[in-house]
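Remarks on the structure that follows.
The values are calculated or read from the model by the stated rules, or taken from the named source; none is laboratory data. Everything quoted here is computed from the prediction, not taken from an experiment. Positions of Cβ are generated from backbone atoms using ideal geometry, with glycine treated the same way; all protein chains shown enter the neighbour counts. What goes into the accessible areas is simple: the full protein's heavy atoms, side chains included, and nothing from ligands, DNA or RNA. Shrake-Rupley method; radii C 1.70, N 1.55, O 1.52, S 1.80 Å.
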Amino acid sequence: MKGKPLVSIVSAGLSKFGKLEGLYAREIFAEAAKEAFDRCPNLNPKNDIQAMFVGHMGEAYEHQGHTGATMADWAGLLHIPATRTEAACASSGAALRAGIYAVLSGLCDVVMVGGIEKMTHRTTPEVTEYLAMASDYPFEQWHGITFPGLFALMATAHMHKYGTTEQHLAMVSVKNHYHGSLNPKAHMQKEITLETALSSRVIAWPLKLYDCSLITDGASCLILTRPELAKRYTDMPVHIVGSGQASDTIGMYEREGFTSLVSAKIAANKAYEMADLKPEDVNVAEVHDCFTIAEIIAYEDLGFCKPGEGSGLVEKSETKLGGGIPVNTSGGLKSKGHPVGATGTAQAYEMYLQLTGQAEKRQVGNAEVGLTHNVGGSGATATIHIYRRG
Amino acid sequence: MLVVQAPLQRFTFTGEAKAMGEQAPFTIEQFYKNMLEGKLLGGKCKKCGKVHLPPRPLCSNCFSKKFEWTELPQKGKLLTYTVIHVAPPQFQGMAPYAVGIVQLENGVNIPGMIRGVALEQIRIGMPLTLDFGTCTTTQPWPQWPRYYFKPM
Ligand SMILES: [Zn+2]
């Protein structure tokens, strides 16, 4: 299996990301599904799609669970087996992984995977409370540790150990906002200055408002098939050549250290090994920048640099468009937005655009190999996927 | 494959068995009950010796279900911290407040709030000691106390 395609992406869809007032999650998912169907005229959705896996984190937002069946119906795929996957912010990374299992098992030829979250109709304290459910209740939430607080604990540890500064964190934000300004589907399509980021109000020191990703509504989806069937549907498939998923303790305090995510490192190693590729082979990546520090740690966990050198990559603009390894060309969770359940397959959507040459103003020239890094909670789940142009 | 099941152990009222039978369960609920009595106890696996905080009913290291309570040191050093400015509703009156992860002297980690020190004087590595809190919650569940850490 080494280096061979596991499955092929033959189409992909993404709703507009942002504050989608008056819409219900299922209506947003229908928008993403429609784009995926329109992109792939050779696909007969009702006949061809044999199963669906859809990531969704919280039923509290809309007082609505049972997401698998609901999304299948509203995508026009009534009666196919449809299952929700939940792994906090990695819910749709897990849906993608489930879709790969389904295709590789031989049970399905074509599956739809995707994700959804509708969040902006809730107040910020409500959203904060719902997001915190991805962390440990008895020892973290119970003692007033918020979700930004957990990543702030990592930031403080990283700054202490490696000399990373608040300026470095702000640079991640500035870069991702620049990328987002080039993405017509991004939630915040505007550039910001270093000063804006640094002077924004403190959320959980050292993290400030502009270190935090956005509360966003959105949906994303992909159509997967067996590699040998890909040409039936498109001349431009994107192959998934590596897939890794790993877990860790729900409580961050139980881990060995706080400057790296063991789950991400294990998942990345599995994916690289499966793909027979190395970090230096990756041309473009989408990483889980739920908070700016998470992007710097991702560079290190993915092997784009050595441990402790992540801040140097962003400082030298290596991860900006035009740099050696552009990261979060979509704008990332910071600027494109973070509808948590939709994020994993939204990252894959960006890879699909990049590797088929459809990323327009943010196109990375000659992108051949891409990678997505999707993290759940404070790192109790990580899913990593590696993509190759078909 | 033929699986030969070990016969169930008969319960006999020997002193030891009685003590075992009465042993408090190795649960999070019990951990907090102990804290209300001013005791910081972990669950020590009798087979592999791993000390679990919180206690668990199944050793994640060796799968043993046999544990004993062990007293944990109440002193430790701060591994990392943050100052929460935007707090959940029930903590809003306290913000800004510091929380951190403390490594106890036996190497076991525990998170919690840090009080009794100016926020700007908190440093990684500083020695801290546990202060047992009380249960102040009015909600039906959970009725756990909130302990915190303070400088020595
Ligand atoms: Zn054990």
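Of the candidates A:ILE203, A:ILE215, the single residue that is touching a His at 6+ places or on another chain (Cβ under 7 Å) and within 30 Å of B:PHE91 (Cα to Cα) is A:ILE203. Of the residues that make up region A:188-195, is at least one closer than 20 Å to A:VAL375 by Cβ, assigned by TED's automatic domain parsing to the domain that holds A:LEU333 and at pLDDT 95 or above? The answer is no, given that none of the residues of region A:188-195 is closer than 20 Å to A:VAL375 by Cβ, assigned by TED's automatic domain parsing to the domain that holds A:LEU333 and at pLDDT 95 or above. Comparison of B:GLY42, B:GLY112 shows that the only residue that is surrounded by 13 or more Cβ atoms within 10 Å (Cβ to Cβ), in contact (Cβ under 8 Å) with a residue 24 or more places away in the chain, away from the ligand (no atom under 16 Å from the Cβ) and within 14 Å of chain A (Cβ to nearest Cβ) is B:GLY112.
With respect to the stated conditions, B:THR27 is outside the structural domain of B:ILE114 (by TED's automatic domain parsing), under 23 Å from B:TYR147 (Cα atoms) and either among the hydroxyl-bearing types (Ser, Thr, Tyr) or open to solvent by less than 20 Å² (accessible area, probe 1.4 Å) (or both). Run down B:LEU79, B:LEU58 and say which single residue is outside any helix (DSSP H, G or I) and either away from the ligand (no atom under 16 Å from the Cβ) or among the basic types (Lys, Arg) (or both). After applying the criteria, what remains is B:LEU79. Selection of region A:369-385 for residues being outside any strand (DSSP E or B) and under 12 Å from the mean Cα position of the chain (by Cα) yields an empty set. When A:ILE250, A:ILE266, A:ILE240 are screened for being within 14 Å of chain B (Cβ to nearest Cβ) and surrounded by 18 or more Cβ atoms within 10 Å (Cβ to Cβ), only A:ILE250 passes. Taking the criterion of being farther than 24 Å from B:HIS85 by Cα, more than 14 Å from chain B (Cβ to nearest Cβ) and either open to solvent by 40 Å² or more (accessible area, probe 1.4 Å) or among the hydrophobic types (A, V, I, L, M, F, W, C) (or both), the residues of region A:149-185 that qualify are A:TYR178, A:LEU182, A:PRO184, A:LYS185. Taking region B:61-76 as the range and being away from the ligand (no atom under 12 Å from the Cβ), away from every other protein chain (no Cβ under 14 Å) and open to solvent by less than 70 Å² (accessible area, probe 1.4 Å) as the test, the residues that pass are B:TRP69, B:THR70, B:PRO73, B:GLN74. Taking the numbered list (1) modelled with pLDDT of 95 or more; (2) not in a helix (DSSP H, G or I) in turn, A:ASN366 passes all entries but (1). In summary, helices (runs of 4 or more DSSP H) completely within region A:1-119 and bearing 2 or more residues that are basic (Lys, Arg) occur at A:25-38.
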